[in-house]
Structures are given as structure tokens and as C-alpha cells.
Amino acid sequence: VGEMPIMLAEDADIFRVESLNHLKNEAAELGKNSSIEIECITTEGFVVDEVMNLEKIKKPDYILMGMKVSGSFNERVLGSVATDIIRKTKTPVIIVPEKAKYTTIEKMAFACDYKMGTNTQILKPIKDFVKMFNSQLYVLTILKEGESLESDKILTGITVDNYFADVKHVYHFP
């Protein structure tokens, strides 16, 4: 029989304050060399639910997440929480592996199911990020098994290709 740790309300309050202070210190350190606005928030609940709630309230440009390796192939590649958030959000998600060390971002991937139509506005944050780091963008085509690229998706593909014409990009088809 496993044991579950018990945390008293007083301990939880202390932990919450200490965690928020740690986050603020990290944000201040990161902010010294960047013009990116960093806001620190602590909340209680299930991670995916809390991230989705904050997304609705804050409407961020990106969701930045760390990940640990475990579980099935998708979970080993991305992490179970990250996988769930990617499936539920419309905001671009940036995943950082647990033991990653910063180097310039040379390659970025964009998973595209070609269901966006011709609305390129949703691609702007991705393009901005690719330009910021002068990265190569890999557009990964996502199709369900047996699905083919029909005329509307081909038109969307042409639109995506034209939109990314001024950045280095390549396509990957399954």
C-alpha cells in the first residue's frame, strides 16, 4: 500500500509563497537579458485545467512548458501533461526538455493538419519566433490514417507555404 504525503494548510500557504518568490527571482534573472514580459502566477489544481483556465484569462502569445520523460511513445517524446495541453489549446506551445541547456534554436517544428483554411493570422507568432532566432522551420503534415490531402487542404498548404516564404522552411509528409 502506497503512502500519500499530507500537507497542512499552513504548510501549503508557506510552500505557495516560497514557490512564487522563487519564480519571481528566476523571472527577474531571465528578464535582465530580454525584452520578453514574464508574469509569475501560482495556482492550485490539475495542471492541464489550470493552464487552460489561465490561457482563457491571460491570452498568452505562447505557452512555455518543461517536460520529463516517461510513459508511452508520445509521452516519452513530449510528456503526458504537455501532450494533453497541445491537444486542447489553440496557443502555440513551446516544450523544453528537462535537462535542456540553452543554445540558439536552430530548428523549430510546426505540426499542421491544414484545417486552418486561409487565415494566416494564427501563424504570425510562429513566424515571429522563427525570425527571432533565424531558425529553420519544419512544417510537419498531420493526417489521420488513410486521410489524404484534398483540394481545400492543398489550398491551405499553398497559403502556408506563401506565408512562410521569407523564412527557411521545409515540409515533412508522412
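The values are calculated or read from the model by the stated rules, or taken from the named source; none is laboratory data. Predicted model only: the values in this text are computed from it and were never measured. We place every Cβ from the backbone using ideal geometry, glycine too, and count neighbours over all the protein chains shown. Note: accessible area is taken over every heavy atom of the protein model, side chains too, but ligands, DNA and RNA are not part of it. Shrake-Rupley method; radii C 1.70, N 1.55, O 1.52, S 1.80 Å.
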**Q.** 222 nm mean residue ellipticity, helices alone, for the chain (DSSP H n ≥ 4; -39,500 (n - 2.57); rounded to 500)
**A.** -13000 deg cm²/dmol
Q | 15 Å beta-carbon shell around residue 53, net charge (K/R +1, D/E -1) | A | -1
(Q) Counting only Cα atoms, I'd like the Rg/Rh figure for the range 79-173, Kirkwood definition for Rh. (A) 0.97
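Ignoring ligands, DNA and RNA, what accessible area per residue does the chain give at 1.4 Å, in Å²?
It amounts to 75 Å² per residue over the chain.
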**Q.** Translational diffusion coefficient (Stokes-Einstein; Kirkwood radius from C-alpha pairs) of the range 99-149 at 4 °C, 1.567 mPa s, in µm²/s
**A.** 101 µm²/s
Q) For the chain, which whole-number percentage of the solvent-accessible area (1.4 Å probe, protein heavy atoms only) is attributable to carbon and sulfur atoms? A) 57 percent
(Q) Which entries of 58/168; 58/144; 24/101; 56/168 have Cα-Cα distances beyond 25 Å here? (A) 58/168; 58/144; 56/168
Q) Counting alpha carbon pairs within less than 8 Å and at least 6 residues apart, what relative contact order, in whole percent, applies to the chain? A) 16 percent
Q. Tally Lys and Arg at +1 and Asp and Glu at -1 over the other residues with C-beta under 15 Å from the C-beta of residue 122: what net charge comes out?
A. +1
Q. Within straight cross-link reach of residue 88, meaning Cα distance under 13 Å, which aspartates and glutamates are found once same-chain residues fewer than 8 apart are removed?
A. 49, 50, 55
(Q) Compute, for the chain, the length of the dipole vector about the Cα centre, with Cβ point charges of +1 (Lys, Arg) and -1 (Asp, Glu) only. Units Debye, rounded to 20. (A) 680 debye
Q: Please give the net charge around residue 19, taking every other residue with its beta carbon less than 14 angstrom from that of residue 19, where Lys and Arg add +1 and Asp and Glu add -1.
A: -4
Q) Considering only 119, 100, 34, whose Cα is most displaced toward the positive end of the charge dipole of the chain, charges sitting on Cβ of Lys, Arg (+1) and Asp, Glu (-1)? A) 119
